[in-house]
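A.B. asks: Take a look at this one; I'll ask things after.
The values are calculated or read from the model by the stated rules, or taken from the named source; none is laboratory data. Owing to the predicted nature of the structure, the values given are computational and were not obtained by experimental measurement. Methodologically, a virtual Cβ is constructed for each residue, glycine included, from the backbone with ideal geometry; neighbour enumeration extends over all protein chains shown. Each accessible area value is taken on the protein alone, full model and side chains, heavy atoms only, with ligands, DNA and RNA left out. Shrake-Rupley method; radii C 1.70, N 1.55, O 1.52, S 1.80 Å.
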Amino acid sequence: MRAFTTVIEHCPDTGLYVGYVPSLPGAHSQGAALDVLNSNLRDVVSMVVEDNAIAEDRFVGTQVVVVA
């Protein structure tokens, strides 16, 4: 079993949650709720992992950018 870091955003235009896995190109999905998005991402990650070599997931962190 492997764990992957995901980035999740909420699109105000569609109302959908959008998520992707930075270490797996092509691993992205969307859902109307976070639990739906999580399920969709699990499915996509499984498919991408089956088809490709896996890059190492090295989450660095987040940062805040202040704009005046």
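A.B. asks: Please compute the modelled spin-label separation between A68 and V7, points set 7 Å along Cα→Cβ, answer in nm with one decimal.
C.D. replies: Taking the simple label geometry, V7 and A68 are separated by 2.7 nm.
A.B. asks: If you rank F4, F59 by how much accessible surface each has, with a 1.4 Å probe, what is the order from largest down?
C.D. replies: F59, F4
A.B. asks: In debye to the nearest 20, how big a dipole does the chain give about its Cα centre with +1 on each Lys and Arg Cβ and -1 on each Asp and Glu Cβ? Write down the numbers at each step before the final one.
C.D. replies: Working: 3 positive and 8 negative charges, 33 e Å.
Magnitude of the dipole: close to 160 debye.
A.B. asks: Let me ask something else about it. Evaluate Rg over Rh across the chain, taking Cα atoms for both radii and Kirkwood's formula for Rh.
C.D. replies: Rg/Rh: 1.03.
A.B. asks: Next up: In the Gaussian network model of the chain, springs joining C-alpha atoms below 10 Å, which of V18, V45, V36 carries the largest mean-square fluctuation?
C.D. replies: V36
A.B. asks: Something else about it: With point charges of +1 on the Cβ of Lys and Arg and -1 on the Cβ of Asp and Glu, referenced to the Cα centre of the chain, which listed residue (V60, S39, L16) lies farthest in the positive direction of the dipole?
C.D. replies: My answer, from the dipole projection, is V60.
A.B. asks: For V36 paired with T14, estimate the spin-label separation in nm (one decimal), with each label point 7 Å from Cα along the Cα-to-Cβ line.
C.D. replies: For the pair V36/T14, the computed spacing is 1.1 nm.
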